[in-house]
């Protein structure tokens with residue numbers, strides 16, 4: 001099981017990926033902005049983000065923060081803009097998946113990243129503890145995740 005931070009502006013995609021990854025045994029916290037996501041980076045094994053996300057911080061800044069903590073990054077995007085992809089790659093993105101991205105493809109990327117980088121283990125703080133301030137998230141998702 002990995003602790004995954006899922007950042008995306010598209011609620012439907014975010015919910016679909018969160019549900020699928022959780023059903024496959026991962027602990028997932030979802031955030032709709034870079035501002036909400038940034039404080040959660042210290043307790044995750046993997047960051048999955050879209051390239052275009054709201055917030056006062058750029059996605060590239062969020063990716064750089066993840067890489068400074070040795071957290072692998074997967075970007076899921078519908079933007080086939082070479083400049084954006086180059087900027088993401090330069091920031092240290094480990095893998096870019098193009099939309100439409102099936103949940104199975106995202107799970108395969110997660111498994112590749114975890115095989116390569118491992119997990120932080122059980123010493124990390126609960127992921128959901130800081131999500132209550134994010135209006136883009138369902139309030140029923142706030143607080144610690146139930147243990148399987």
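Values quoted throughout were computed directly from the atomic coordinates according to the rules given, and no laboratory measurement underlies them. Bear in mind that the values here come from a model prediction, so they are computed numbers and not experimental data. Cβ coordinates were reconstructed from backbone atoms using ideal geometry, including for glycine residues, and neighbour counts include every protein chain displayed.
Side notes on the structure shown:
- FRET efficiency, 1/(1 + (r/R0)^6) with R0 35 Å, evaluated for residue 42 and residue 107 via beta carbons: 0.90
- The modelled label-to-label distance for the pair residue 52/residue 12, using points 7 Å beyond Cα in the direction of Cβ, is 1.6 nm.
- R0 of 35 Å, Cβ-Cβ distance residue 61-residue 20: FRET efficiency to nearest 0.05: 0.80
- Annotation: the residues 59, 93, sorted from fewest to most other C-beta atoms within 10 Å of their own C-beta, follow the order 93, 59.
- Gyration tensor verdict on region 3-117 (Cα atoms; rounded if a/c is under 1.5, prolate if a/b is larger than b/c, oblate otherwise): rounded
- The distance linking region 1-64 with region 71-111 is 12 Å (Cα centroid to Cα centroid, whole angstrom).
- Neighbour counts of C-beta atoms inside 10 Å place 14, 42 in the sequence 42, 14, starting with the fewest.
- In terms of surrounding Cβ atoms within a 10 Å radius of their Cβ, 41, 98 rank from fewest to most as 98, 41.
- Gyration tensor (alpha-carbon) shape descriptor, region 1-43, a/c threshold 1.5: oblate
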